[in-house]
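See below for the structure under consideration.
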Amino acid sequence: MIRTEELLLNVGPQHPSTHGVLRLVLKLDGEVITEATPVIGYLHRGTEKLAESLNYTQIIPYTDRMDYVSAMTNNYVLCHAVEKMMGIEVPERAQFLRLIVMEMQRIASHLVWWGTYLLDLGAMSPFLYAFKEREKIVSLFNELCGARLTYNYMRVGGVKWDAPPGWIDKVRDFVPYMEKQLEEYEQLVSGNEIFLARVRGIGKYDAETAIAYGLSGANLRCTGVKWDLRKNEPYCIYDRFEFDVPVGTNGDCYDRYMVRFEEMRQSLRILKQAIEQFPSSGETMGKVPRVIRPPAGETYVRIESPRGEIGCHIVSKGKAEPYRLKFRRPSFNNLQILPKLLVGETMTNLIAIMGGIDFVLGEVDC
Amino acid sequence: MSEERKREEGRPEAPREADRQPAAARQEESGGEKRGEPAAAGRQAPSAAERQSPAAPEQQASPVAQQQEPANTQEVSGTEPAGAGAEHPNQPQPDTMPEHPEASASGKPAAPANAAAGGRTGGGAAAAGEGAGTDAAAGAGADTAAGGTAGSGAADPEREAKIKAAQEARAARLAAKAAAGGGDGAASGGAAGAGAAADPEREAKIKAAQEARAARLAAKAAAEAGGDAAPAEPKPPSPKQPWLDEAVELLKSEVHPEAVEEASINELSDDMPTIVVKAEHWRAVAELLKSHGKLGCNYLRNVTGVDYETHLEVVYFVINLETKREYAIKIRTDREQPSVPSATPVWTGANWPEREIYDLLGVEFPGHPDLRRILMPDDWVGHPLRKDYVPLDPEV
């Protein structure tokens, strides 16, 4: 007589598909997952606690290290929050630079996701292509601010460095190039039979579930909810540009893939317009007091990071340091749905589902 | 000479400073020390703020500064070689490292003390910082302060008085300048600095100072009277006020008449309607917020826990994705035995954020399906985000 026993399996904390240190405690019945418990906190550095003894400019480098795949948007959310509290106006040129780097960052971030996701699913070459293109963006960032990953580029009131001569032209050349490459990659992957078999109908949930779980970003939009903060609650200068918010219909891994892929195209579209309108001269720093002391009170600002709604809740007592600084990290909230998605799935689908959420552990643990 | 240039650069900025003053000034009058250092000028030029009283814009221009003020005008108008007199003891400390000139505008900790940059960014206030002690560009500060409060849009009598004060001060300065000009012509060479002032000049100065002081007192009195009479803000109500009123009304009628402790519009956060709810009614409030047809806040965007030392507070940010109607709901709880009913049964997404708050701040969430530590190890002692947290581990 054949008898099956429940098997307890530890995935991680070191596992290539988790892209960081995430541990999943799985209970398996044969190859089917009956229970999944994510264990997080391995990368917890206490950013929020540290921030309470730092002034606002000193906190910016810490935001780089939260979602290290998308440091620019993290920079922005903090600076934006302080600017909002203090009523600081950011000069036009700085606004454009911020928008341009944030959209480039979105492409770079989605490229990392695209490459590694397909790598997880067994396709090696897309990873190489993705990192080849990402390298171009990272090099441009390097020219701009001297760092390839943790940029520390934005400041309260503007940006730290103006674009070096010729930089904008390089971005201008990059846009059509990337458009062409995306076309090629879509042909390479998006219709691939094996790929479709791995992602279609996998990890499905509906809009109601997504909203109940507080998902954001592509994880929410794949269910057809058109909620993109760039459109719905415009910040920076996003309201000046034309772009679409791609949404899915089925809420499965394939839709999440398509939404992110299309988002890269839309980002290029924004970039194209932004470069056309880029002011030829101007300040890159607004008028900011030497010591940044937001007035007593609190604010919650949120923006659309590549992974969803990243928020910054500042409670200020009028000091140079925040009294309490809370980051709403999209990956943290998005990861919540993982146990629900995994139950009843097979081990092979685990990889497809987990990768589809697109989380960054640095941000989950903060 | 550089002094002159700086002042000229500074001057046009003064009105901009003034624009930002009203809020601070009003805060000050309403007696709240809420804004830390409310004077906009103080914020702009910390060096000046440290020396002078950081409290009120009016106080910034101390009588002493005003007395000296005409001397400065003279210096500016006339004699270039008054070099020694133009030494600024209050010059921003040069202990900061030289950097990009732009960086000074960033207000970074190590912002350069580049005087020119300071003048540019700090505007009138920075000029004040440069001169405050000896000569007195602080006069410019007085000017800014008076002008700023005049523009504050506060009660009318107060405003008039202030405008008058500013005008008088200006007139007095002009008189002093004229006198100085006369003296200058008579005096020989560069020694015509502030020290060697002719008699008529001094008289003019004293007179100007007295006038200014009187005017300021009058303005202050008027402000107090006006403040008592009309404390109401002239601002139009926020467009989100109806949301707040509606929610408060509903919570009072549907949940409990006492459910709402406070309700306000948070102007710093895009006019976020903010409601403080009693902990025992929170669950019912949450359900109403989510399911009531008018509110329909189906999306929980963020949960924050804050340790206020006197109490703990949990803030839920909810929004209706269709109407974009949003609220911040605060629940205050005791610090010794903090407990807030869990919202996870209402919004599933509250699960991990509540665990995080339990982990880092020690707030209990009765009704939570799985309340365990999430970021810290299970055997950790203490709650790190508490203000009085001390790590237990001697090795840490």
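Here are some notes:
- Of the residues in the stretch B:263-276, at least one is more than 14 Å from chain A (Cβ to nearest Cβ), without any contact (Cβ under 8 Å) to a residue 24 or more places away in the chain and in a strand (DSSP E or B).
- Residue match in the stretch A:287-297 (condition: among the hydrophobic types (A, V, I, L, M, F, W, C) and not in a loop (DSSP other than H, G, I, E, B)): no
- Verdict on B:R372 being within 14 Å of chain A (Cβ to nearest Cβ) and in contact (Cβ under 8 Å) with a residue 60 or more places away in the chain: no
- Sole exception among (1) assigned to a strand (DSSP E or B); (2) within 14 Å of another protein chain (Cβ to nearest Cβ) for B:A286, by number: (1)
- Test: residue in the stretch A:98-114 that is over 30 Å from A:Y257 (Cβ atoms) and either surrounded by 17 or more Cβ atoms within 10 Å (Cβ to Cβ) or among the charged types (D, E, K, R) (or both): no
- Residues considered: B:L385, B:L300. Of these, the only one that is surrounded by 24 or more Cβ atoms within 10 Å (Cβ to Cβ) and either out of contact with any Phe, Trp or Tyr (no Cβ under 9 Å at 6 or more places or on another chain) or at pLDDT 90 or above (or both) is B:L300.
- In the set A:E304, A:E321, only one residue is in a loop (DSSP other than H, G, I, E, B) and under 25 Å from A:Y235 (Cβ atoms); that residue is A:E321.
- Filter result (within 30 Å of A:L8 (Cβ to Cβ) and among the polar types (S, T, N, Q)) within the stretch A:33-68: A:T34, A:T37
- Tallying residues that are more than 21 Å from A:Q187 (Cβ to Cβ), among the hydrophobic types (A, V, I, L, M, F, W, C) and touching a Ser or Thr at 6+ places or on another chain (Cβ under 7 Å) within the stretch A:78-125 yields 6.
- Residue within the stretch A:269-286 that is within 14 Å of chain B (Cβ to nearest Cβ) and more than 25 Å from A:L99 (Cα to Cα) present: no
- Close pairs from the stretch A:47-59: first closer than 10 Å to A:A320 by Cα and within 11 Å of another protein chain (Cβ to nearest Cβ), partner among the aliphatic types (A, V, I, L, M) and not in a loop (DSSP other than H, G, I, E, B), Cβ under 6 Å, at least 6 apart: A:Y56/A:V82
- Matching residues, the stretch A:130-176, being within 14 Å of another protein chain (Cβ to nearest Cβ), touching a Lys or Arg at 6+ places or on another chain (Cβ under 7 Å) and of a type in the set (A, V, I, L, M): A:M154, A:V159
- Only a single criterion out of (1) without any contact (Cβ under 8 Å) to a residue 12 or more places away in the chain; (2) assigned to a strand (DSSP E or B) is not satisfied by B:V314, namely (1).
- A:E242, sole failed condition from (1) over 18 Å from A:L215 (Cα atoms); (2) within 14 Å of chain B (Cβ to nearest Cβ); (3) assigned to a loop (DSSP other than H, G, I, E, B): (2)
- Looking across the stretch B:346-367 at every residue that is over 16 Å from A:N333 (Cα atoms) and surrounded by fewer than 21 Cβ atoms within 10 Å (Cβ to Cβ), the one that is nearest to the other protein chains (Cβ to nearest Cβ) is identified as B:G362.
- Unmet requirement for A:R230, which otherwise passes all of (1) in contact with a strand residue (DSSP E or B) (Cβ under 7 Å, 6 or more places away or on another chain); (2) under 25 Å from B:V346 (Cβ atoms); (3) assigned to a helix (DSSP H, G or I): (2)
- Filtered residues of the stretch A:301-343 (kept if acidic (D, E) and more than 7 Å from chain B (Cβ to nearest Cβ)): A:E304, A:E321
- Some residue of the stretch A:338-353 being in a strand (DSSP E or B), crowded, with 24+ Cβ neighbours inside 10 Å and in contact (Cβ under 8 Å) with a residue 24 or more places away in the chain: no
- Some residue of the stretch A:159-178 being of a type outside the set (A, V, I, L, M), outside any helix (DSSP H, G or I) and in contact with a strand residue (DSSP E or B) (Cβ under 8 Å, 6 or more places away or on another chain): yes
The values are calculated or read from the model by the stated rules, or taken from the named source; none is laboratory data. The model shown is predicted, which means the values in this text are computed figures rather than measured ones. Glycine also receives a Cβ, built like all others from the backbone with ideal geometry; neighbour counts cover every protein chain displayed.
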